[in-house]
Amino acid sequence: YSPYLTKEEFALIDFRAIMYAVSFDHPEIFWYHGYSYRYRYKKSTNEVMSVIYTLKPPYVGDTEEPVYAVEDYERLNTEMWDEFHRVAEELNLANRTRYSFVKTVHDYLCTSADYVANEKSCFDPYGTLVEKETVCQGYSETFKMFCDYYGVPAVCITGDTGGPHMWNAVLMEDGLWYVLDITWDDGGDEL
């Protein structure tokens, strides 16, 4: 940091909010679900000189068992991106109007993944794209990932709909944001 922050100024930073925003803005970092940090400061000036962040993995339920083993991150990331690019090419996403793009990705996610709360990978794009099992968070983050990759402004929204829930909003050509809830639109065998 330059100019350096004092220890007191550093203590005012809401790292929890920052890391929460990072996870929402970058769903492709599916193996991250928490963090810790430590810092060094110069006693004579009380200035923070360096900060080291450690990302923590998601855990299964309330256990200490990680959803993904650290040694598997590279393989899982490669599998996810390979499937992402295969789907994008199959759906010809690069050559669509925004409406067609949004509808195509929406419909693909509704028909390709099953709503299954498996307490493992169902909360992220890996589970949605590779394992084809997901919940609202997986649908929403995967949709945002496609939008981000193709330059379509989209966000994930969280709230309570009788329980915790996640859905999306997407900016269309008319300059308006539209709400999209793939979870509730996935009718399973009803489609």
Percent of beta bridges antiparallel (DSSP, the chain, rounded to nearest 5): 90
Work out, step by step, the length gained on full extension between ILE157 and ASP82: first 0.36 nm times the residue separation, then minus their alpha carbon distance; give nm to one decimal. 24.3 nm
Over the Cα atoms of region 1-110, what radius of gyration and what Dmax do you get, in Å? 20.1, 61
What ranking do 63-75, 146-158, 173-185 get when scored by the average of other Cβ atoms within 10 Å per residue, highest first? 146-158, 173-185, 63-75
Please pull out the direction-averaged projected area of the chain, using the convex hull of its alpha-carbon atoms, in nm² to one decimal place. 13.9
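In debye, nearest 20, what is the charge dipole magnitude of the chain about its Cα centre with +1 on Lys and Arg Cβ and -1 on Asp and Glu Cβ, if you could check?
Charge dipole of the chain: 1080 debye, to the nearest 20.
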Calculate what fraction, in whole %, of the accessible area of the chain sits on carbon and sulfur atoms when a 1.4 Å probe is rolled over the protein chains. 53
Calculate, for region 1-123, the solvent-accessible area per residue in square angstrom, rolling a 1.4 angstrom probe over the heavy atoms of the protein chains. 65
Which of the three applies to region 80-191, rounded, prolate or oblate, going by the alpha-carbon gyration tensor with a ≥ b ≥ c and a/c under 1.5 meaning rounded? oblate
I'd like the accessible area for HIS33, computed on protein heavy atoms only with a 1.4 Å probe and all protein chains in place. Round to 10 Å², please. 100
For ARG16, ARG86, give the ranking by accessible area with the largest first, probe 1.4 Å. ARG16, ARG86
I need to check one value: relative contact order of the chain, counting alpha carbon pairs closer than 8 Å and at least 6 residues apart, in percent. 16
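The values are calculated or read from the model by the stated rules, or taken from the named source; none is laboratory data. Remember, predicted model here, so these are calculated numbers, not experimental data. Cβ: placed from backbone, ideal geometry, glycine included. Neighbour counts: every protein chain shown. Accessible surface areas use protein heavy atoms only, side chains included; no ligands, DNA or RNA. Shrake-Rupley method; radii C 1.70, N 1.55, O 1.52, S 1.80 Å.
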